[in-house]
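Report on the structure given below.
The values are calculated or read from the model by the stated rules, or taken from the named source; none is laboratory data. Since the structure is predicted, the reported quantities are computational estimates derived from the model, not experimental observations. Note that each Cβ is placed from the backbone with ideal geometry, even for glycine, and that neighbours are counted across all protein chains shown.
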Amino acid sequence: MCMENCGPRFQSLVVKKDFCKDKLVKLLNPRYNLPIDMQEKILSFIMTWARGFPGPVDVSEVKEVYLELLKKGVEFPSSDTSRGEPKTSSQPSTKSSPSSANAPKQPSLPLPTGPTLLLTPDQIGKLYSELDMAKTNVRVMSSILRENVPGSENPDDMNLLQKLYKTCRMMQERIMDLLATVENEDVIVELIQVNEDLNDVLLGHER
């Protein structure tokens with residue numbers, strides 16, 4: 001991406017809200033009828049820039065734009081797509097079936113919703129435990145998707161995959177609620193990362 005080859009001064013200008021929100025996000029309005037691939041490219045840029053650049057580039061404004069879009073329910077492209085990585089066809093694997101893994105963990109974050117809130121250390125600990133469960137579900141789901149090809153699926157794997165899909169979808173909805181209320185910056189960063197992982201695997205299943 002050309003942004004990575006530009007200096008901090010140029011990068012700092014591009015990640016300002018008056019460009020990201022007032023120029024790029026504005027193009028996503030349905031009245032402009034922008035092609036889907038162009039919309040996904042814009043969303044990919046915003047997601048990538050929100051992660052930051054090497055050096056003294058303040059990305060707080062583009063990160064704010066990214067969070068606003070997440071809270072509105074905007075679905076971002078998978079991180080593989082945003083990096084421009086080629087899709088590869090899955091190959092049958094001789095590894096043991098992941099269907100023997102634990103049943104999908106059900107999200108149960110006992111955290112209040114509504115007005116913005118600052119989580120206590122105990123609440124953060126519980127939240128991180130639930131996010132760890134979500135990461136485990138993502139890994140198992142990714143493994144199933146890699147090891148099963150259309151036409152030769154393992155029925156047990158497919159049954160577990162459907163359960164994982166429902167659980168991960170519920171977890172993603174819960175994360176979106178938390179992103180709209182939580183104020184702890186470190187927690188927000190972790191929520192964004194897990195949300196991206198969930199988004200990648202859910203899109204992989206839907207494809």
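Identify, from the list LEU161, LEU67, the residue that is under 16 Å from the mean Cα position of the chain (by Cα), modelled with pLDDT of 60 or more and either among the aromatic types (Phe, Trp, Tyr) or not in a loop (DSSP other than H, G, I, E, B) (or both).
Numbers: LEU161 fails: under 16 Å from the mean Cα position of the chain (by Cα).
Just one listed residue meets the conditions, LEU67.
Of everything in region 181-207, what is outside any helix (DSSP H, G or I) and surrounded by 15 or more Cβ atoms within 10 Å (Cβ to Cβ)? Give them in sequence order.
Residues satisfying the conditions are THR181, VAL182, ASN184.
Under 6 Å by Cβ, and 6 or more places apart or on different chains, what pairs join a residue from region 24-38 that is at pLDDT 80 or above with one that is surrounded by 11 or more Cβ atoms within 10 Å (Cβ to Cβ) and not in a helix (DSSP H, G or I)?
Matching pairs, first to second residue: LEU27/LEU34.
Mind listing whichever residues of region 26-38 are farther than 18 Å from VAL14 by Cβ and of a type outside the set (A, V, I, L, M, F, W, C)? Step through it out loud before you land on a result.
Residues of region 26-38 farther than 18 Å from VAL14 by Cβ: 29-37.
Correct list: ASN29, PRO30, ARG31, TYR32, ASN33, PRO35, ASP37.
Taking the conditions exactly as written (surrounded by 19 or more Cβ atoms within 10 Å (Cβ to Cβ), touching a strand residue (DSSP E or B) at 6+ places or on another chain (Cβ under 9 Å), modelled with pLDDT of 80 or more and assigned by TED's automatic domain parsing to the domain that holds ILE188), does LEU131 satisfy them or not?
Numbers: surrounded by 19 or more Cβ atoms within 10 Å (Cβ to Cβ): yes; touching a strand residue (DSSP E or B) at 6+ places or on another chain (Cβ under 9 Å): no; modelled with pLDDT of 80 or more: yes; assigned by TED's automatic domain parsing to the domain that holds ILE188: yes.
Criteria not met by LEU131.
Of all residues in region 145-163, which are in contact with a helix residue (DSSP H, G or I) (Cβ under 9 Å, 6 or more places away or on another chain), more than 14 Å from ARG207 (Cβ to Cβ) and in contact (Cβ under 8 Å) with a residue 40 or more places away in the chain?
GLU147, ASN154, ASP156, ASP157, ASN159, LEU160, listed by residue number.
Being of a type outside the set (Lys, Arg) and either assigned to a helix (DSSP H, G or I) or without any contact (Cβ under 8 Å) to a residue 40 or more places away in the chain (or both) is the filter here; which residues of region 168-180 pass it?
Residues satisfying the conditions are CYS168, MET170, MET171, GLN172, GLU173, ILE175, MET176, ASP177, LEU178, LEU179.
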